[in-house]
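Notes follow once the structure below has been shown.
The values are calculated or read from the model by the stated rules, or taken from the named source; none is laboratory data. Every value quoted in this text rests on a predicted model; they were computed, and no experiment measured them. We place every Cβ from the backbone using ideal geometry, glycine too, and count neighbours over all the protein chains shown. In case anyone asks, the SASA skips ligands and DNA or RNA and just uses the protein heavy atoms, side chains included. Shrake-Rupley method; radii C 1.70, N 1.55, O 1.52, S 1.80 Å.
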Amino acid sequence: MNLQEFQAKRIFGQYGIPVPQGEVATTPAEAAAIAARMGGPVVVKAQVLVGGRGKAGGIKLAHTPAEAEEVTGRILGMSIKGLTVKKTLVDPAADIRKELYLGLVLDRGRRRVVMMASSEGGVDIEEVAARTPEKILTVAVDPFLGLREYQARDLALGLGLPKEQWGAFTRICQGLYECYLGCDASLAEINPLAVLGDGALKALDGKMVLDDSALFRHPDLAALRDEDDETPEERTARLNDLSYVKLDGEIGCMVNGAGLAMATMDIIKFYGGAPANFLDVGGGARADKVAAALRIILSDPNVKAVLFNIFGGITRGDEVARGILAALAEVPTRVPMVVRLVGTNAAEGRAILAQANMITAETLAEAAQKAVAAAKGA
C-alpha cells in the first residue's frame, strides 16, 4: 500500500524526523488561506502516487496567498501519468542549499534491511543508480542490533556532511529506521533530505510503501489507503481477500494456492499460451469468493479462455463449481472455460460442471493444452 507524500511526512514527524508543517488543500481558496497563515512563500505540491510531479507541472512556488490560490487552481484537476490531482500539499518554502537522498528497503539477497544514502537527492534514485552508482552508499542493518550510530556516521562522512551535522543526521537515520519497522514498511525514503541555509536538515519529501500483509496490525494506516491508486479489479480483489495481479496474456487463471498458481502460469507458457493474470482464491474459497474472482477475470477484454486449476484440500470442489456457475449467471460470457478439479468433492464438482457443458481435464498438462487451444480458437 502506497502513502501520499503528506501522509508519509506526518508519520515521519511522529518518529522525530524534522518535516515542514504543511497543510492539505482541496480548493484554491483553502490553499490561499493556508499560505496566509504561513505568512511567507509556499510550495504547492500535487498529491498523486506517481513520480515526476515537478516535471509535469505539479509542483509550484507561490510568493503570496493570491499566487498560491492561482497555482493551486492550475494544479487541481490536472492529470499526471493518468492520475487526476484531487488535493495539494501547501508547505512553507525552504532555503535549500543541498539535497540528499535517504531511504530504507529490504534487501532479500542479504536478508537485511538496507539504508541507502546519496549526495544526489531530488531525483529518482533509479537514475542515480544508472548514471553514477558509486554515489549510492549503503549499510546493512543487523535485525538484532538495529541501526547503530556508527553506521549513520559512516553515511554522513560518505555524504560529505560537516561534523556538526552528524548528530542531526544520525537522529534522522534512526528515526527513519524506527518508522520503517514500526509501520511494517517495505520502503521508506526521504527525497530530498535538504540541508538548509541555517545548517539544519529537513525532510522535504517523503515516500512510504507498506506491507499489505501486515496491515491487520495497523488499522490506522490501512484507513489511509488512496483508492485512486488501485484499479477497479485490484480493489474488488482486495475487498474479497483475493490475491490478484493483472498480466498481458489471453488465458485467465483461477487457482487456489500461490505456488500452484505460479506452476499453472508456467505450464500455460510451456504449451504456447500466455497467462492474463495471477489469481489465488486461497484455501476454503466459498462460492461467493469464486464468483467474485471470475468476475474480475472476465472484466479483462484480453481474456479469450479461462483455466481453473483447483486442488481440493480445504477448498471443496463442489463449492468451486457452484461459484463458477453463479458468476456465469451474473456475467454471461462466451469465453471458453477449462476446469481441472482434484481432491475434496472433486467428483461432485465435475458432475455439476458437466451439466453446464464446460470443458474438464484430469491433469494440469491436459488442462493447459485445452486452454491454449481454446484461446487460439477464440
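Considering only residues of the stretch 141-156 that are surrounded by fewer than 13 Cβ atoms within 10 Å (Cβ to Cβ) and of a type outside the set (Phe, Trp, Tyr), which is nearest to the chain's Cα centre (by Cα)?
The first filter runs over the stretch 141-156 and keeps only residues surrounded by fewer than 13 Cβ atoms within 10 Å (Cβ to Cβ), leaving 142-145, 150.
Checking which are of a type outside the set (Phe, Trp, Tyr) leaves us with 142-143, 145.
Details: Asp142: 26, Pro143: 24, Leu145: 29 Å.
Only one residue tops the list, namely Pro143.
Note down all Cβ pairs under 7 Å where the first residue falls in the stretch 105-125 and is touching a residue at least 12 places away in the same chain (Cβ under 8 Å) and of a type in the set (A, V, I, L, M, F, W, C), the second is surrounded by 15 or more Cβ atoms within 10 Å (Cβ to Cβ) and part of a loop (DSSP other than H, G, I, E, B), and they're at least six residues apart or on different chains.
Met115/Leu147
If we keep just the residues of the stretch 81-110 that are surrounded by fewer than 20 Cβ atoms within 10 Å (Cβ to Cβ) and among the β-branched types (Val, Ile, Thr), which is farthest from Ala185 (Cα to Cα)?
Top of the filtered list is Ile96.
Find all pairs meeting these conditions: Cβ atoms under 9 angstrom apart; at least six residues apart or on different chains; first residue within the stretch 80-92 and in a strand (DSSP E or B); second residue among the charged types (D, E, K, R) and surrounded by fewer than 17 Cβ atoms within 10 Å (Cβ to Cβ).
Listed by first residue and then by second, the contacts come to Leu83/Asp228; Leu83/Asp229; Thr84/Asp228.
Only residues in the stretch 331-348 that are at positive phi count as the first member; pair them with residues that are open to solvent by 30 Å² or more (accessible area, probe 1.4 Å), Cβ under 7 angstrom, at least 6 apart or cross-chain, and list the lot.
Once the first residue is at positive phi and sits in the stretch 331-348, its partners that are open to solvent by 30 Å² or more (accessible area, probe 1.4 Å) give Gly343/Phe311; Gly343/Gly313; Asn345/Arg316.
Can you tell me which residues in the stretch 320-332 are in a helix (DSSP H, G or I) and either small (Gly, Ala, Ser) or under 32 Å from the mean Cα position of the chain (by Cα) (or both)?
If the condition is that a residue be in a helix (DSSP H, G or I) and either small (Gly, Ala, Ser) or under 32 Å from the mean Cα position of the chain (by Cα) (or both), then Val320, Ala321, Gly323, Ile324, Ala326, Ala327, Leu328, Ala329, Glu330 are the ones that fit.
Restricting to the stretch 27-73, name every residue that is loosely packed, with under 15 Cβ neighbours inside 10 Å, charged (D, E, K, R) and under 29 Å from the mean Cα position of the chain (by Cα).
Lys55
Would you tally the residues in the stretch 103-161 being more than 19 Å from Gln174 (Cα to Cα) and not in a loop (DSSP other than H, G, I, E, B)?
Number satisfying all stated conditions: 10.
Specify the residue that is farthest from Gly377 (Cα to Cα); the eligible residues are those in the stretch 264-300 that are part of a loop (DSSP other than H, G, I, E, B) and hydrophobic (A, V, I, L, M, F, W, C). Walk me through how you get there before you give the answer.
Our first condition is that a residue be part of a loop (DSSP other than H, G, I, E, B); within the stretch 264-300, this holds for 271-274, 276, 281-286, 299-300.
With the extra rule that they be hydrophobic (A, V, I, L, M, F, W, C), the set shrinks to 274, 276, 281, 285.
Values: Ala274: 14, Ala276: 16, Val281: 27, Ala285: 30 Å.
For the stretch 264-300, the residue satisfying everything is Ala285.
Can you tell me which residues in the stretch 198-247 are of a type in the set (Ser, Thr, Tyr) and either under 27 Å from Gly16 (Cβ atoms) or open to solvent by 70 Å² or more (accessible area, probe 1.4 Å) (or both)?
Ser213
So that you can scan it fast, the table gives a plain yes or no per residue for (1) within 21 Å of Ala365 (Cβ to Cβ); (2) basic (Lys, Arg); (3) surrounded by fewer than 24 Cβ atoms within 10 Å (Cβ to Cβ):
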{"residue": "Asp266", "(1), (2), (3)": "yes, no, yes"}
{"residue": "Gly282", "(1), (2), (3)": "no, no, yes"}
{"residue": "Arg295", "(1), (2), (3)": "no, yes, yes"}
{"residue": "Leu298", "(1), (2), (3)": "no, no, yes"}
{"residue": "Ile310", "(1), (2), (3)": "yes, no, no"}
{"residue": "Ala326", "(1), (2), (3)": "no, no, yes"}
{"residue": "Val342", "(1), (2), (3)": "yes, no, yes"}
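Return only the number of the condition from (1) open to solvent by 30 Å² or more (accessible area, probe 1.4 Å); (2) modelled with pLDDT under 95 that Phe270 does not satisfy.
(2)
Confirm whether Ala378 is hydrophobic (A, V, I, L, M, F, W, C), at pLDDT 90 or above and open to solvent by 40 Å² or more (accessible area, probe 1.4 Å). Let's see the steps before the verdict.
Numbers: hydrophobic (A, V, I, L, M, F, W, C): yes; at pLDDT 90 or above: no; open to solvent by 40 Å² or more (accessible area, probe 1.4 Å): yes.
Taking the combined requirement at face value, the residue does not satisfy it.
Determine which single condition Val303 fails, assuming it passes every other condition in (1) under 27 Å from the mean Cα position of the chain (by Cα); (2) surrounded by fewer than 16 Cβ atoms within 10 Å (Cβ to Cβ); (3) among the aliphatic types (A, V, I, L, M); (4) assigned to a loop (DSSP other than H, G, I, E, B).
(2)
Answer yes or no as to whether Ile11 is of a type in the set (A, V, I, L, M, F, W, C), open to solvent by less than 30 Å² (accessible area, probe 1.4 Å) and assigned to a loop (DSSP other than H, G, I, E, B). Before you say what the answer is, go through the steps one by one.
Details: of a type in the set (A, V, I, L, M, F, W, C): yes; open to solvent by less than 30 Å² (accessible area, probe 1.4 Å): yes; assigned to a loop (DSSP other than H, G, I, E, B): no.
So Ile11 fails the test.
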